[in-house]
Every structure is written in structure tokens, then in C-alpha cells.
Amino acid sequence: MKLGNPFRSPPSRGAPRVSRWGDRFFMALTGLGAAGVIALLALLVIVLYDGAKPTIELFGFRFLWTEVWIPAPIDIYGIVPFAYGTLLTSAVALVIAIPLSLGAAIFLTQQAPQWLRAPVGQVIELLASIPSIIYGFWGLIVLVPIMRYDIEPPLQKYLGWTGLFGGNAVGLDVFTASVVLSIMAIPTITAISRDSIATVPRSQKEAALSLGATDWEVTRRAVLPYARSGIVAGIVLGLGRALGETMAVTLVIGNSNHVPTSFLSQGQTISSLIANQFTEASGPIELSALIEAGLILLVMTLVINLGARAILARFQSGRGVGLE
């Protein structure tokens, strides 16, 4: 008599066949969404290039290093003053915003009492959602007089020899625009940095404290290295808002078509140039030059974001904590 294996499961009889059409439909739908985003970016570049084609053919690469913007009948256009103004205001804004944002994020996650964290966090998120025109209007009505009479004259008096604060203190200048941009970027950087620091494991901080580290050493050696990828991501988002900001900058930068020679000089960014000139273009050539300026701003934003993402990837791959 032949005995079967008592441990072998009995063969399935009439098991229902699972249909995979739902998974295939879901994959196709999500793939279509991803392709749509890429197609949208490509379409945007194509439309901008088509509109900028007349000036691309007329000026070529001269558009990238010409420092004047003279409408018809002369029709000479260059992006240098506006690209320089864009990069300068964004850089100064980050120099101001990053220390304040990190300080606020560290305080909310490491030092602030529990009852204070939620209300202050909600205020920060509220500040991030305020429309830019409100910041610009506040800057024009409140900040410009303060900068003109209280802040810029001392800077000009004591730091004018450096060349950074030369010129006349009028309030409507690159420095004021940078301050407004920093105020707009602070809530974004603070909120993301706070969330990133809050994800640091409690055991990691307790381990550092058990080794005799002070609060400052715990923050510097255990918390910030762990959260740096999220902090860099917040800085990138803050930089993106500063690069593309239009109305707030337009109201306080002075709108001069010249390369700024100091922080107290009037200038323009690419965004403010387009906002000021697009509806008043003197002819098709100037209109095409404005579209090319928009294309260059798009390329600048993409390049800066790709560079920041490369840095972020390096931080993520090299994450580590040192408590030596």
C-alpha cells in the first residue's frame, strides 16, 4: 500500500484566476500622468523657443552678453542686467534667509516648549501661503521708508568703502528687493527644515547626550547631519521662489535697465522686466526679446535646480553622524 506525503498541501481545485487588468490600467494611468508632466515641460520650451526665434536669429549669442536694452527704432537687447539682477537678489536673499530659517527650525524642534510649537508652526505655514503681491505692497509702504532713512544710510556710511553699499540710499533698490525675497523664502525653508529635523530619531539624540554632548553639539553633530538632505531641499524650494518672484520684486527694486553696481543700486530681474514691458513692447522684436528672456529664466531655473538636486543626492548618499 502506497502512502502519500501527509505534509504536502492538497492540490487546489478550481482556484479562481486573478485578473490583472486593474494593475495594468493603474500603471498606464500613472505612466500617462508622468509622461504628461514631461510633455508639458517640453511644450513650454517649444512655445518659448518659437516666440523667441526672431531675436535668436537676429542677435544669436550676443543676447547673452549685451548689457543694454534699447527698444525700437534702435532695437538692441541684452539679458545681462536682468540675469545679474535675478542672481544677485536671489543670492542675497538666501544669505539672509538661511540662518534665520535654520535658527527658527532648530528652536521649534529642539528648544521650544511643546505648547508653543504648534501655534508658531501654523503661523509659519500661513506666511508661506500669503500672495506675493501682499509682500510687495508691504515692502513698498512699510519697508522702503525704513530702508531709506534708518538702515541704508548707516550701511552706506560705515560699509560704503567696500563698494557693496555705494550710491544713494533711496530705498527702491536691489537690497530692499533682496530683503523682501528673504522674507518670502523664510517660511518655506523653515517649514521644510522643521519637518526634516523632526524626523531625526530620538534614540540618536539620546545616544549623543549619553556621550556627554551638549545641546549645541547634539544639534551640530547628530541632528543637522541627519536632516541635511531635507534642509537642502527646503533651501532649493526657497531659491526657486526667489528666482521666479515677479510682483513683489517689481514694486521695490526700482526697475532700472542697468547692471547694478552695488546693493543700493536700482535694477531689474528677468521676471520684473517681463512684467513691466510685455504689455508695452514697442514692436515684434522687443516682444520676441522678452520671450527669449523668459526662456533664459526657465533654463537658469532648471540648471540651478538640477545642480541643487545633485548636491542633495550627494548629501543623501553620504549621510552620517560624527561624534568624535
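Look at residue 220 and say whether it is without any contact (Cβ under 8 Å) to a residue 12 or more places away in the chain and within 25 Å of the chain's Cα centre (by Cα). Walk me through it before giving the result.
Numbers: without any contact (Cβ under 8 Å) to a residue 12 or more places away in the chain: yes; within 25 Å of the chain's Cα centre (by Cα): yes.
Yes; evaluated as a whole, the condition is true for this residue.
Search region 171-186 for residues that are at positive phi and pair each with any residue that is among the hydrophobic types (A, V, I, L, M, F, W, C) when their beta-carbon atoms are under 6 Å apart and the residues are at least 6 apart or on different chains.
Filtered contacts from region 171-186: 171/144; 171/147.
Taking region 193-212, which residues are under 30 Å from residue 128 (Cα atoms) and among the charged types (D, E, K, R)? Quick ask: steps written out before the conclusion?
Step one: filter region 193-212 for residues under 30 Å from residue 128 (Cα atoms), giving 193-202, 205.
Of everything in region 193-212, those that are under 30 Å from residue 128 (Cα atoms) and among the charged types (D, E, K, R) turn out to be 194, 195, 202, 205.
Among 102, 88, 159, which is the only one that is in a helix (DSSP H, G or I), under 30 Å from residue 205 (Cα atoms) and out of contact with any Lys or Arg (no Cβ under 7 Å at 6 or more places or on another chain)?
Among 102, 88, 159, only 102 is in a helix (DSSP H, G or I), under 30 Å from residue 205 (Cα atoms) and out of contact with any Lys or Arg (no Cβ under 7 Å at 6 or more places or on another chain).
For region 80-117, which positions are farther than 22 Å from residue 224 by Cβ, buried (at least 22 other Cβ atoms within 10 Å of the Cβ) and among the aliphatic types (A, V, I, L, M)?
none
If we scan region 223-233, do we find a residue that is free of Cβ contacts under 8 Å to residues at least 60 places away in the same chain, in a helix (DSSP H, G or I) and farther than 24 Å from residue 97 by Cα?
There is no residue in region 223-233 that is free of Cβ contacts under 8 Å to residues at least 60 places away in the same chain, in a helix (DSSP H, G or I) and farther than 24 Å from residue 97 by Cα.
I'd like the residue in region 149-173 that is surrounded by 19 or more Cβ atoms within 10 Å (Cβ to Cβ) and of a type in the set (D, E, K, R) and, out of all such residues, is farthest from the chain's Cα centre (by Cα).
152
Is region 168-176 home to any residue that is among the aromatic types (Phe, Trp, Tyr) and not in a helix (DSSP H, G or I)?
No, the conditions are met nowhere in region 168-176.
Only residues in region 52-78 that are touching a residue at least 12 places away in the same chain (Cβ under 8 Å) and within 19 Å of residue 297 (Cβ to Cβ) count as the first member; pair them with residues that are of a type in the set (D, E, K, R) and crowded, with 16+ Cβ neighbours inside 10 Å, Cβ under 7 angstrom, at least 6 apart or cross-chain, and list the lot.
Filtered contacts from region 52-78: 52/292; 55/292; 56/292; 63/292; 77/286.
Pairs please, first residue from region 277-296 and in contact (Cβ under 8 Å) with a residue 40 or more places away in the chain, second anywhere and among the small types (Gly, Ala, Ser) and in a helix (DSSP H, G or I), Cβ atoms under 7 Å, 6+ apart in sequence or on different chains.
From residues that are in contact (Cβ under 8 Å) with a residue 40 or more places away in the chain, the pairs are 288/51; 288/52; 291/51; 291/52; 292/52; 295/52; 296/83.
On the given criteria, is residue 246 surrounded by fewer than 24 Cβ atoms within 10 Å (Cβ to Cβ), under 19 Å from the mean Cα position of the chain (by Cα), within 18 Å of residue 140 (Cα to Cα) and modelled with pLDDT of 90 or more?
On the way: surrounded by fewer than 24 Cβ atoms within 10 Å (Cβ to Cβ): yes; under 19 Å from the mean Cα position of the chain (by Cα): yes; within 18 Å of residue 140 (Cα to Cα): yes; modelled with pLDDT of 90 or more: no.
In short, no.
Within region 27-38, is even one residue over 25 Å from residue 249 (Cα atoms), modelled with pLDDT of 90 or more, of a type in the set (S, T, N, Q) and in a helix (DSSP H, G or I)?
Yes, that holds for at least one residue.
Among the candidates 176, 199, 188, which residue alone is surrounded by fewer than 17 Cβ atoms within 10 Å (Cβ to Cβ) and not hydrophobic (A, V, I, L, M, F, W, C)?
Result: 199 is the single residue among 176, 199, 188 that is surrounded by fewer than 17 Cβ atoms within 10 Å (Cβ to Cβ) and not hydrophobic (A, V, I, L, M, F, W, C).
The values are calculated or read from the model by the stated rules, or taken from the named source; none is laboratory data. These numbers were taken from a predicted model, which means no experiment stands behind them. With ideal geometry, Cβ positions are generated from the backbone for all residues, glycine too; neighbour counts draw on all protein chains shown.
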